Amino acid sequence: MDWFLALLALATLVRGIGAGIIYDVAVVSLSVRHDIGAVPYARYARALFAGRGTTTFAPLAIGGALLSIAVAAGAFVWTDSSGVRWWTCIALAATVLAFAGTTQALPAVMKLRHTADEETALAPVLDRFARWHTISTVWQVAAFIALVVALASYPTR
């Protein structure tokens with residue numbers, strides 16, 4: 001069995017799940033805020049991120065990042081394909097940029113927990129979260145796409 005190929009496939013799967021979840025929040029959930037208003041959206045976001053969101057998002061993001069590191073390093077040890085090496089390094093770089101966005105989005109989510117349910121108080125917090133979450137989303141999706149391309153570039157024997 002080709003262990004590196006299995007690792008690459010697992011990393012792609014995990015990153016795909018993570019990219020799908022973060023994309024859903026960025027594209028579907030965040031746009032709902034403007035339809036229902038800041039206060040109802042803030043209540044929804046608090047419930048989402050305090051409940052299953054925390055137990056799902058963090059392990060998936062951290063696990064995906066660790067797999068991205070392993071796959072990028074493994075590409076130099078277990079394959080001589082420059083395409084696979086290149087794309088796994090792009091995935092790793094995109095992962096780092098996604099986490100940079102997360103370091104700015106996460107404080108906004110934490111602040112949201114303690115912000116009063118008033119439109120004027122919530123708007124800047126939600127705007128900050130939306131801006132940085134969108135940046136993180138772009139890079140999470142880019143990392144997933146890079147891993148898909150690396151997987152497709154993997155030489156068949």
Those residues of the range 1-38 which are among the hydroxyl-bearing types (Ser, Thr, Tyr) and crowded, with 16+ Cβ neighbours inside 10 Å, in sequence order:
Thr12
Checking Leu60 against (1) touching a residue at least 60 places away in the same chain (Cβ under 8 Å); (2) buried (at least 16 other Cβ atoms within 10 Å of the Cβ); (3) not acidic (Asp, Glu): exactly one of these is not met. Which one?
(1)
Within the range 39-57, take every residue that is surrounded by fewer than 16 Cβ atoms within 10 Å (Cβ to Cβ) and without any contact (Cβ under 8 Å) to a residue 24 or more places away in the chain and give me the one that is nearest to Leu97 (Cα to Cα).
Thr54
Go through (1) of a type in the set (A, V, I, L, M); (2) over 15 Å from the mean Cα position of the chain (by Cα); (3) assigned to a helix (DSSP H, G or I) for Ala116 and report which single condition fails.
(3)
Could you grab the pairs with beta carbons closer than 6 Å, sequence gap of 6+ or different chains, first residue in the range 81-104 and surrounded by 15 or more Cβ atoms within 10 Å (Cβ to Cβ), second one among the β-branched types (Val, Ile, Thr)?
Trp87/Val149; Thr88/Val71; Gly101/Ile135
Quick one: in the range 78-99, which of the residues that are closer than 20 Å to Val14 by Cβ and modelled with pLDDT under 95 is nearest to the chain's Cα centre (by Cα)?
Phe99
Just one of Ile69, Ile22 is under 27 Å from Ala93 (Cβ atoms) and touching a residue at least 40 places away in the same chain (Cβ under 8 Å); which is it?
Ile22
Working carefully through the options Ala70, Ala11, find the one that is in contact with a Ser or Thr (Cβ under 7 Å, 6 or more places away or on another chain), within 27 Å of Arg85 (Cα to Cα), aliphatic (A, V, I, L, M) and at pLDDT 95 or above.
Ala11
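The values are calculated or read from the model by the stated rules, or taken from the named source; none is laboratory data. Here the structure is a predicted model, which means the values were calculated and not measured. Ideal geometry is used to build each Cβ from the backbone, glycine not excepted, and the neighbour counts take in all protein chains shown.
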